[in-house]
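Structure first, commentary second.
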Amino acid sequence: MKYYVVKYTGPFGFIKPWTAVRDSETFSQQFLTPSIVAGIERKLFPELLSSPFALHKIKRHRLAYIQMSAQQEQIQPKGWNSKRINKKQAAIRDYSILTRSILLNPTLQLAFKTRQDAEIAFQQHICLARNEDVLLPTEIINTTEEDFDKNEELFPGYELIFEKNEASFLVGYNRFDEGRPMYGWLKVLGTPVKSF
């Protein structure tokens with residue numbers, strides 16, 4: 001099968017971890033879940049916004065980066081606690097600090113089945129999960145599915161294969177598909193963490 005791969009790059013990329021404070025269990029900040037890829041697809045092809053959840057145009061993807069930079073974030077929980085302050089009862093929300101990471105110099109490659117879809121995608125920017133981290137297209141690569149699976153020089157990176165089997169693990173709950181669990185297994189090609 002022939003693929004048309006659009007390569008996107010940028011200085012930063014952030015993937016919000018679905019496990020929040022427990023991200024050490026899945027390291028979900030270094031791969032794209034089905035709902036993230038579906039969101040990118042719908043940004044590139046807005047005519048798909050009203051279609052049922054599925055991937056229609058993006059056939060495969062690959063994500064690589066130079067390193068992850070740990071950032072601290074201050075959060076407040078949704079709930080309120082009751083506390084006595086100066087002899088009066090008060091409702092307060094405590095603060096917590098989370099450490100989350102951003103990808104430095106990420107490269108995302110999206111594989112399309114048709115040249116027309118690749119050219120439409122090539123005219124637009126994308127974001128992984130946060131609007132301020134823009135990735136811009138740099139090239140379209142004509143290749144085959146076999147080359148995309150084996151060429152470590154051209155297509156290194158992490159790819160979550162969206163299927164459930166004995167190697168799969170839970171990667172989140174899909175808000176586009178009635179909160180159903182999402183599963184996948186991680187395919188690693190070449191060196192996903194690039195050198196400078």
> Does Tyr65 meet the test of being in contact with a Phe, Trp or Tyr (Cβ under 6 Å, 6 or more places away or on another chain) and either in contact (Cβ under 8 Å) with a residue 60 or more places away in the chain or loosely packed, with under 10 Cβ neighbours inside 10 Å (or both)?
Replying inline: no
> With respect to the numbered conditions (1) in a strand (DSSP E or B); (2) of a type outside the set (S, T, N, Q); (3) without any contact (Cβ under 8 Å) to a residue 24 or more places away in the chain; (4) closer than 19 Å to Val37 by Cα, which one is the sole condition not fulfilled by His56?
Replying inline: (1)
>> Looking at segment 168-192 only, could you name the residues that are assigned to a strand (DSSP E or B) and of a type in the set (D, E, K, R)?
In response: Arg180, Lys187
>> Please go through (1) in a loop (DSSP other than H, G, I, E, B); (2) touching a Ser or Thr at 6+ places or on another chain (Cβ under 9 Å); (3) touching a residue at least 60 places away in the same chain (Cβ under 8 Å); (4) not aromatic (Phe, Trp, Tyr) for Pro77 and return the number of the only condition it doesn't satisfy.
In response: (3)
> Can you find even one residue in segment 61-75 that is within 26 Å of Phe176 (Cα to Cα) and not aliphatic (A, V, I, L, M)?
Replying inline: yes
>> Filter segment 107-136 down to the residues that are at pLDDT 95 or above, surrounded by 16 or more Cβ atoms within 10 Å (Cβ to Cβ) and under 24 Å from Ile161 (Cβ atoms) and list them by number.
In response: Thr107, Leu108, Gln109, Leu110, Ala111, Phe112, Lys113, Asp117, Ala118, Ala121, Ile126, Leu135
> Which ones in segment 135-167 are part of a loop (DSSP other than H, G, I, E, B), acidic (Asp, Glu) and within 30 Å of Arg180 (Cα to Cα)?
Replying inline: Glu163, Glu166
> Picking from Glu41, Glu119, Glu132, which residue would you name as being acidic (Asp, Glu), in a loop (DSSP other than H, G, I, E, B) and at negative phi?
Replying inline: Glu132
>> Just to check your reading of the model, which residue among Pro137, Pro156 is of a type outside the set (Ser, Thr, Tyr) and closer than 30 Å to Ser50 by Cβ?
In response: Pro137
>> Exactly one of these conditions fails for Ile75: (1) more than 27 Å from Thr191 (Cβ to Cβ); (2) surrounded by 19 or more Cβ atoms within 10 Å (Cβ to Cβ); (3) in contact with a Leu (Cβ under 7 Å, 6 or more places away or on another chain). Give me its number.
In response: (2)
> What number of residues within segment 144-158 are more than 24 Å from Arg42 (Cβ to Cβ) and surrounded by fewer than 19 Cβ atoms within 10 Å (Cβ to Cβ)?
Replying inline: 9
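The values are calculated or read from the model by the stated rules, or taken from the named source; none is laboratory data. None of these values were measured; they are calculated from a predicted model. Ideal geometry is used to build each Cβ from the backbone, glycine not excepted, and the neighbour counts take in all protein chains shown.
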